1. Once R0 is set to 22 Å, what does the formula 1/(1 + (r/R0)^6) return for the Cβ-Cβ distance between residue 52 and residue 187, expressed as a FRET efficiency to the nearest 0.05?
2. Under a crude label model (7 Å from the Cα following the beta-carbon direction), how far is residue 176 from residue 106 in nanometres?
3. Once you charge only the Cβ atoms, +1 for Lys and Arg and -1 for Asp and Glu, what is the size of the charge dipole of the chain about its Cα centre, to the nearest 20 debye?
4. Which far-off residues, 5 or more places away or on another chain, put their amide H under 5 Å from the one on residue 67, with H placed in the peptide plane?
5. With contacts defined as alpha carbon pairs under 8 Å and 6 or more residues apart, what's the relative contact order of region 1-159 in percent?
6. For the pair residue 219 and residue 205, how long in nm is the line joining their label points, each one 7 Å along Cα→Cβ?
7. Take the alpha-carbon positions of region 1-155, form their convex hull, and give its projected area averaged over all directions (one quarter of the hull surface) in nm².
8. Evaluate the distance, in nm, between pseudo-label points positioned 7 Å from the Cα of residue 162 and of residue 73 along their respective Cα→Cβ axes.
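Bear in mind these aren't lab numbers, they're just calculated from the coordinates by the rules spelled out. The model shown is predicted, which means the values in this text are computed figures rather than measured ones. Glycine also receives a Cβ, built like all others from the backbone with ideal geometry; neighbour counts cover every protein chain displayed.
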Amino acid sequence: MILDCSSYESAKKSLVRIFGVKEEKLATTLNSLSPYGGDQPPEECIYNSICEAFGDPSGNISVIWFHGTRVEDETLFHERGVLPKSSAREFIEPRLKELAEGLESSGDNPFSLSLSGKQGPHDEGPFAFLIKDVAIQAPGANHSYVEIPEIVEDIAGTLLGENYSHLVERYQEVATPYIVSFLADQKGYEVAHALWFLKLVEDGESEIDAGSTANTFFNSEGETIIPEKIQCVEPIEIV
């Protein structure tokens with residue numbers, strides 16, 4: 001079975017299959033819950049209540065994750081997959097050095113503190129969002145990776161210091177925003193967050209507000225997402 005939070009409707013249909021229950025029954029049960037103010041986080045409270053009502057999910061569950069990015073050549077995803085930080089840097093840094101030609105470096109790198117926290121022998125990413133709309137719209141404190149990948153800002157700051165935005169703008173002009181969706185085996189927390197997302201929408205919140213609250217993240221921890229796991233490479237429009 002597959003958990004797909006592309007939208008409220010896809011999440012609902014996924015959860016109906018996962019728990020083997022009718023849509024109306026799932027909605028009625030979610031509406032009856034008051035998961036806030038107790039000892040458990042709301043997503044755990046909701047999940048435990050749903051499992052008590054309908055039983056634990058049976059069978060293997062795969063999850064569709066949504067990776068926001070901005071690239072010049074989307075065909076590389078089908079050739080190399082979605083890369084972790086160190087591998088992605090090998091492609092992005094030389095290209096940014098080309099785009100930086102003629103631009104003047106000035107002042108300190110505004111991302112130096114952030115970069116110092118990322119140093120070390122460990123690799124990280126690729127990262128992704130459970131709720132597709134959050135990957136696209138980046139509400140609240142979420143970084144908009146479709147607007148500009150964080151690694152591009154980091155490298156631009158290293159190359160140009162306070163003038164990094166000029167290089168960022170050049171990159172934005174030549175690169176297109178995409179959402180790359182891929183499959184991964186569940187790690188155990190995703191269904192709970194999807195149920196919370198459903199509960200919030202059932203309670204009257206907009207999909208984007210509900211998604212921002214209930215979203216959770218995926219970190220491949222330095223492992224490439226191979227091309228065979230990729231479901232779709234979708235160009236998007238940023239409004």
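1. In this case the efficiency is close to 0.50.
2. Here the answer is 3.4 nm between the modelled labels.
3. The calculation lands at about 560 debye.
4. Under 5 Å from the amide H of residue 67: 129, 180, 181, 182.
5. 30
6. 2.3
7. 13.4
8. Distance between the two pseudo-spin positions: 3.7 nm.
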